[in-house]
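The values are calculated or read from the model by the stated rules, or taken from the named source; none is laboratory data. Since the structure is predicted, the reported quantities are computational estimates derived from the model, not experimental observations. Here Cβ is always computed from backbone atoms with ideal geometry, including for glycine, and neighbour counts include all displayed protein chains. Areas reflect the complete protein model, heavy atoms only, side chains present, ligands, DNA and RNA absent. Shrake-Rupley method; radii C 1.70, N 1.55, O 1.52, S 1.80 Å.
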Amino acid sequence: MTTRAGREYILSLVAIVLGLVAGAVLMLLSGNNPLLGYLYLFRGGLMNIERLGNTLATATPLIFTGLSVAFAFRTGLFNIGAAGQMLIGGLCATAVGLTFPWSRPVLLAAMLTAALAGGGLWAALPGWLKARFNVHEVVSTIMMNWIAFWTVFYMVPRYFKGPFLETESQKLPDTASLKTQWLSALFNGSYINLGIVLAIVFVALTAFILDQTTFGYELKAVGFNRHAAGVAGINVNRNLILSMTIAGALAGLGGATFYAGYASNMQIGVLPSQGFDGIAVSLLGANSPLGVLGAAIFFGLLHTGKGFMNAMTRIPPEIADTIIATIIYFAATSIMVERVLDRLKRRRAGQLPVAAGRDTIAAPKKGGAR
Amino acid sequence: MEYVIEMLNIRKEFPGVVACDDITLQLRKGEILALLGENGAGKSTLMSILFGLYQPDSGVIRLKGKEVRISNPNVANALGIGMVHQHFKLVHNFTITENIILGSETTRGLVVDTRSAARRIRELSARYGLNVDPDARVADVSVGMQQRVEILKMLYRDAEILIFDEPTAVLTPQEVQELMKILRGLIYEGKSVILITHKLKEIKAVADRCTVIRRGRLIATVDVETTSGEKLAEMMVGRKVTFQVDKKAKKPGEAILELDNLSVRGPGGVAGLKNFTLEVRCGEIVGIAGVDGNGQKELVEAVIGLRKADSGRILLKGNDVKDLPVRGRIARGMAFIPDDRHKYGLILDYSLEYNLILKDYYRTPFSRKGLLDHKAIRRHAVRVIEEFDVRAGQGAAATVRSLSGGNQQKTIVGREIDANPDLLIAVQPTRGLDVGAIEYIHRRLLEQRDNGKAVLLISLELDEILKISDRIAVINNGELVGVVRAAETDENEVGLMMTGIKRGAVS
Amino acid sequence: MWSLITQIFPYAVAFTIPLLITSLGGLFSERSGIVNIGLEGLMIIGMFTGALTISVLEIAMPGAAIWVGLLAAFIAGALFAMLHAFACITLNANQVISGIAVNMVAGALTTYLARNITGSGNILIIHGLVRKDVPVLSALPVIGRLVFTQTYATTWLVLFLVVLSTFTLYKTKFGLRLRACGEHPHAADSAGINVHLVRYLAVMISGAFAGLGGATVIVTYSGEFNGTAAGLGFLALAALIFGQWKPLGILGATFFFGFASTVANVSQAIPALAKISGIYLKTFPYIVTLIALVLSSKSSQAPKALGEPYDKGKR
């Protein structure tokens, strides 16, 4: 099993390299020097402590959505709904933050709890639909995304309208922000906030749950083979609902760290890109919590550096999104790389390539569409 | 002698295994040639080569004396080679006509011409006595009819050489008779047939010659008429097979499982099991005989707790467990060996040790305060592996996916029997295994019985039921036809009962 | 009430048509067995290509530019869909992940290119299609006023494609084979059908139709590419499911969804509708799709092999 995981990390690295190559080609096509582009891109994310902080701050919601997708994956569920769960988590946190005049620790705790509960419940419905009616979670979470999108679209202007714009909520008071004095000072006034601490705690927690607990054994058993799990007496439906709920709660927390940490208000009419990026993060991280942490920080770096790159060269900042999108495509088609690796290995072993048929590796059992 | 097809010195290697090693098979025009071998002997690979699914590494194929290269199934079809696969390849929501013409449609303008195709199918159906209605939907017709649709597909394409891959596995004894008649009809019309099977009886009934292969090698090709069944079996397995198990007489004790007027709904809400009453006692093996799809699945799922029973009672050692979940029943002494070990028995991506605690992972010593005790898990695995002789490369840490079929089955049997259950339910426990593994499983089941435990055996292999059981309950269309003593019955009687005719109705 | 309906109807139709053609594209892909979550991205490709082509050509060849733009979007959609086809069919990749990747690549890449071209990332076209009355038919009572007045030519084009697609799927050889690939690819394969080829074609048709749908948005009610399809592709996917993978079902579903969204969009401007909160109208398509999924959970009409990669070796 360890070799399998190692192999997945190699495939992830290959996908990253291919994505960066694709980005380089695009930079070339638009008449820019890719080496310079990447130099500024990485410098933009790493060159000083403040930017490093920004990288971590940008990575924070991605860690949560990545964990969310990975957690559901382990139970054989494909959570496409992290974006919607994030929105609802953010909405709940914002609602609490704007409504109650409590002291900071109490208020923050209440906001996080609200985000966790909101995201969790938002995902529990698709989980329940899956368990009770076998409604495919890919479809139902997509629907839930758009229901969340329109819910925020109408709720925010109605109840939490900002003073200037129709399209955003009021600004959260400082007591309701995850940004905190000592952290900001430590990172020279960057966007970094308590969310990153929370994220790391949750990385450790999910890793522990999945690998060390009876609950994790159950979840993974259901994920690998729900029929056999059911025959062995594991309550499959309960695990499906629980897994989805936990995944939603994680994404909900991600929403809180984004809207009440990185930002300090909610915009309407935007489905947060971290939702889908989370799928990429999970995929690159081989669905393991530590891998998710690494992949999220890498994506955070790309997002943080793109502005600096844009300022120093004439490369549009959207190159970062293009690279990420390309990486996920290459991660999805990693089987191609796997075939090449296999062929190389066999050639090195001095064997002849065997005719197609049996030797193709079955598609990785990640989620599966039906 | 004229051969329509010759496969000469065929060799095919897959990574790590030689599936076919220098096999020669020759089919005469107008004969039925049986291809006999155990599971995994290389029958399917050989036929897949003939059908163009695989390319041989060496060896030649000759059609009527001319060498041919069959690079894909289309080439095979064009050469007049057709195959009825074990799992039918039919589109369920298409009509029979649409299924048959698929891939060789005729059109009028742009529109597919189903009408004249249906006419031709009717003619073919009448000529070969297949009795197929071209306008029916595949989903609405019986399994036997579906098989005849598959045969029609080949006839529609003017196939001369017909390959049947284990065609009787899904049929009732009566449908088997019907099929044998159809096969003879095909020969009469000048077709040639290869019959892949591991059932000696069918070979004796219908085949002219028989090619036996074992572990990828050709053993011999013999005339069926002059070769005894025992001899064929010996050639197939490679040693004398007794076919008899050592079954001591034993008086069963109190009832462990009692099913009382049990009714269960099947898929789509139709009645799957109707007022089923049966008991299984200590120290006996009760076999359930019946054709696939007659309520066995509903019966098993209701007893182990995967499916809700509509009415009736399920008593385990006198207590009604009908409303208990699966785990509750396991805890009260039920164990289960499923028919599809990959789907229901194992978690292939878990290690061997994890699979061995699949039913007990939440209990001490494997779990303490919600945390897994990996040391205890390993100790347990090492013991069970030893006791049940499970062979795995990396021992307890090996992924179960990497184990052979026999060892996977031993893993399940080990886990279930090690739990020391009062009732062991085994469904098709020997499916897809070689004779050695089959004997092992049978021995273990009998051991349970001899130790005073109850065993409920559900199998589609009538021979297995007759050999192992003490009593046989016959199921048809969800109803209990009757219960007979294994010692006082024979295949004919049980076979007749499987069609729904009660004992004594015919003398 | 009547005047209200006649007021809203043209907008509803204009909003429905791109959804309809995109959803119809999804139908081809999914009936052949390939899940296509990438419809949103394919629409974006169509929007980008359409807007770019038209903005470049419209000075030189006014009028014709729009049709060239639609054709370009059609072709670009088909080509871009090959990314999805390659991943799902040739490589047996996870179809959902591939679809998501298609969406992400399409959105990011087109915005990146548009930024390089225009600087702002938006591409504006000066002239869209002009609404016209259908001669003779528009004089019919009731129907004439409602359906045949003030229509876009693309509406009739798309409706023609709906009829053509229905005929293709249910009457022709290609349709029979395509449906067989979606229900039981092994059966199709053993009948000598090239499953990969059929699926490639189906996915490319879905891309072409979605591309056309995206460009239709540009030439009718939007007039501007801005890097997003605003969820229309996902709405089309919902309509495909709500319409139970059938052309007539899709026609009904898209119109149903289109009408609800239009009412929500104009509700602020029309006092009689202001009472209905937009949130119900906007979430309505997704909620009814969820309900439809629950109700059809026992008897789903979804193609049997939908989402299953087809691996020849595994039989």
(Q) With unit charges on the beta carbons (Lys and Arg positive, Asp and Glu negative) and the dipole taken about the Cα centre of region A:3-339, which residue among A:LEU87, A:GLY230, A:PHE153 sits farthest to the positive side? (A) A:GLY230
Q) Picking from B:TYR344, B:GLN408, B:LEU358, whose Cα lies most toward the positive end of the charge dipole for region B:343-415 (charges on Cβ: Lys, Arg +1; Asp, Glu -1)? A) B:LEU358
**Q.** Summed buried accessible area for A+B [probe radius 1.4 Å, Å², rounded to 100]
**A.** 2500 Å²
Q | In degrees, nearest ten, helix B:173-188 long axis to first principal axis of chain B (Cα) | A | 20 degrees
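For the pairing of chain C with chain A, what total accessible surface becomes buried, with a 1.4 angstrom probe, in square angstrom to the nearest 100? Walk me through the intermediate numbers first.
On the way: alone 14690 and 17570 Å², together 28040 Å².
Adding both sides of the contact gives about 4200 Å².
Please compute the average number of Cβ atoms from other chains found within 10 Å of each residue's Cβ in peptide C:108-119. Mind showing how you got there, number by number?
Details: counts 11, 8, 2, 6, 15, 6, 2, 8, 10, 1, 0, 2.
Across C:108-119, the average partner-chain Cβ count within 10 Å equals 6.
Using a 1.4 Å probe on the protein chains only, how many percent of the accessible area of the protein assembly as shown belongs to carbon and sulfur? Each step should come with its number before you reach the end.
Working: 27670 of 47510 Å².
Its accessible area is 58 percent carbon and sulfur atoms.
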Q) What residues does region A:321-348 have that are buried by at least 30 Å² of accessible area in the full protein assembly compared to the chain on its own, 1.4 angstrom probe? A) A:THR322, A:ALA325, A:ILE328, A:TYR329, A:ALA332, A:THR333, A:ILE335, A:MET336, A:ARG339
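So if I place +1 on the C-beta of Lys and Arg and -1 on the C-beta of Asp and Glu, and nothing else carries charge, what would the dipole magnitude of region B:387-507 be about its Cα centre? I want it in debye, nearest 20.
Here the size comes out at about 260 debye.
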Q: Of the options B:VAL224, B:ALA139, B:VAL427, report the single residue whose Cα projects farthest towards the positive end of the charge dipole of chain B (beta-carbon charges: Lys, Arg +1; Asp, Glu -1).
A: B:VAL427
Q: Mind pulling the angle between the C-alpha long axis of helix B:374-387 and the longest principal axis of chain B? Nearest 10 degrees, somewhere in 0 to 90.
A: 60 degrees
Q. Quick one: accessible area per residue over region A:161-261, 1.4 Å probe, rounded to a whole number of Å²?
A. 39 Å²
Q.
List the lysines whose Cα sits under 16 Å from the Cα of A:LYS161, skipping any in the same chain fewer than 8 residues away.
A. A:LYS171
Q | Among A:LEU344, A:LEU18, A:LEU46, residue whose mean-square fluctuation peaks in a GNM of chain A (springs only between Cα atoms under 10 Å) | A | A:LEU344
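Taking 0.36 nm per residue of separation and subtracting the Cα-Cα distance, what length does fully extending B:ASP208 through B:LEU8 add? Can you show the working numbers first?
Working: separation 200, 0.36 × 200 = 72.00 nm, distance 2.01 nm.
Using 0.36 nm per residue and subtracting the Cα-Cα distance, I get 70.0 nm.
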Q.
Tell me the accessible surface of B:CYS282 in square angstrom (1.4 angstrom probe, heavy atoms of protein chains only), to the nearest ten.
A. 30 Å²
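How big is the charge dipole of the protein assembly as shown about its Cα centre, in debye rounded to the nearest 20, if each Lys and Arg gets +1 on its Cβ and each Asp and Glu gets -1 on its Cβ?
Dipole of the protein assembly as shown, to the nearest 20 debye: 700 debye.
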Q) Can you list, bin by bin at 10 Å, the percent of alpha carbon pairs in chain C, starting at 0? A) 6, 26, 33, 23, 9, 1, 0
Q) Residues with beta-carbon under 14 Å from that of C:THR166, excluding C:THR166: net charge, scoring Lys, Arg +1 and Asp, Glu -1? A) +4
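What number comes out for accessible area per residue over region B:343-415 if the probe is 1.4 Å? Units Å², please.
Values: 3160 Å² over 73 residues.
Each residue of region B:343-415 exposes 43 Å² on average to a 1.4 Å probe.
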(Q) For chain C, take the longest principal axis of its alpha carbons; what is the angle in degrees between that and the long axis of helix C:153-171, to the nearest 10 within 0 to 90? (A) 20 degrees
(Q) When a/c reaches 1.5 or more, the comparison of a/b and b/c decides; with that in mind, is region A:3-339 rounded, prolate or oblate per its Cα gyration tensor? (A) oblate
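Given a cut-off of 28 Å, name the pairs among B:LYS199/B:LYS250; B:LYS251/B:LYS502; A:LYS220/B:LYS297; B:LYS297/B:LYS502; B:LYS199/B:LYS410; A:LYS130/C:LYS282 whose C-alpha atoms lie farther apart than that in the structure shown. Walk me through the numbers on the way to the answer.
On the way: B:LYS199/B:LYS250 30 Å; B:LYS251/B:LYS502 26 Å; A:LYS220/B:LYS297 26 Å; B:LYS297/B:LYS502 22 Å; B:LYS199/B:LYS410 24 Å; A:LYS130/C:LYS282 24 Å.
Beyond 28 Å between Cα atoms: B:LYS199/B:LYS250.
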Q) What is the average number of partner chain Cβ atoms found within 10 Å of a Cβ in C:237-246? A) 1
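Sorted by accessible area with a 1.4 angstrom probe, largest first, how do C:LEU109, A:LEU242, A:LEU250 fall? Numbers along the way, then the final one.
On the way: C:LEU109 40, A:LEU242 60, A:LEU250 5 Å².
Solvent-accessible surface, decreasing: A:LEU242, C:LEU109, A:LEU250.
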Q.
Bin width 20 Å, origin at 0, all Cα-Cα pairs of the protein assembly as shown: what percent of pairs per bin?
A. 10, 36, 36, 16, 2
Q) What is the Cα coordinate range of region C:185-267 on the first, second and third principal axes, sorted by size from largest, in whole angstrom? A) 55, 26, 16
Q | Ellipsoid semi-axes in whole angstrom, largest first, where each is sqrt(5λ) of the Cα gyration tensor of region A:251-332 | A | 20, 19, 12
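State to the nearest 20 debye the size of the charge dipole of chain C about its Cα centre, where the only charges are +1 on K and R beta carbons and -1 on D and E beta carbons. Kindly include the intermediate steps, with their values, before the conclusion.
Values: 18 positive and 9 negative charges, 131 e Å.
Dipole magnitude for chain C comes out near 620 debye.
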Q | Sites B:ALA139 and C:LYS132 - FRET efficiency at Förster radius 45 Å, r taken between beta-carbons, to 0.05 | A | 0.40
**Q.** Protein-protein interface of region B:355-369, residues with accessible area decrease of at least 50 Å², isolated chain reference, 1.4 Å probe
**A.** B:LEU358, B:TYR361
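Between B:VAL68 and B:GLU254, what length comes free when the chain is fully extended (0.36 nm per residue of separation minus the Cα-Cα distance, one decimal in nm)? Intermediate results must be reported in sequence, preceding the final value.
Numbers: separation 186, 0.36 × 186 = 66.96 nm, distance 6.58 nm.
That works out to 60.4 nm of additional length.
Which whole number in µm²/s is D for chain B by Stokes-Einstein, with the Kirkwood Rh taken over Cα pairs at 37 °C and 0.692 mPa s?
Numbers: Rh = 25.0 Å.
Using the Kirkwood radius from Cα pairs, D works out to 131 µm²/s.
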Q) For region B:343-415, what is Rg from Cα atoms divided by 2.2 N^0.38 Å, rounded to two decimals? A) 1.02
(Q) Quick check: pseudo-label points 7 Å beyond the Cα along Cα→Cβ at A:THR175 and A:THR99, how many nm apart are they? (A) 1.6 nm
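With solvent modelled as a 1.4 Å probe, how much accessible area in total do chains C and B shield from it at their shared surface, in Å² to the nearest 100?
Working: alone 14690 and 23820 Å², together 36600 Å².
In total, chains C and B hide about 1900 Å² from solvent.
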Q: Compare each residue of region B:102-126 in its chain alone against the assembly with all protein chains, and report those whose accessible area goes down by 40 Å² or more; 1.4 Å probe, heavy atoms.
A: B:LEU102, B:GLY103, B:GLU105, B:LEU110, B:VAL111, B:VAL112
**Q.** GNM flexibility winner over chain A from A:PHE64, A:PHE215, A:PHE160 (Cα, springs under 10 Å)
**A.** A:PHE215
Q) If the label point is 7 Å along Cα→Cβ of C:VAL294, which residues in region C:234-251 have backbone nitrogen under 20 Å from it? A) C:238-244
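Solvent-accessible area per residue for region B:29-155 at a 1.4 Å probe radius, Å²?
Details: 5240 Å² over 127 residues.
On a per-residue basis, 41 Å².
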Q.
Quick check: pseudo-label points 7 Å beyond the Cα along Cα→Cβ at C:VAL68 and C:TYR221, how many nm apart are they?
A. 2.9 nm
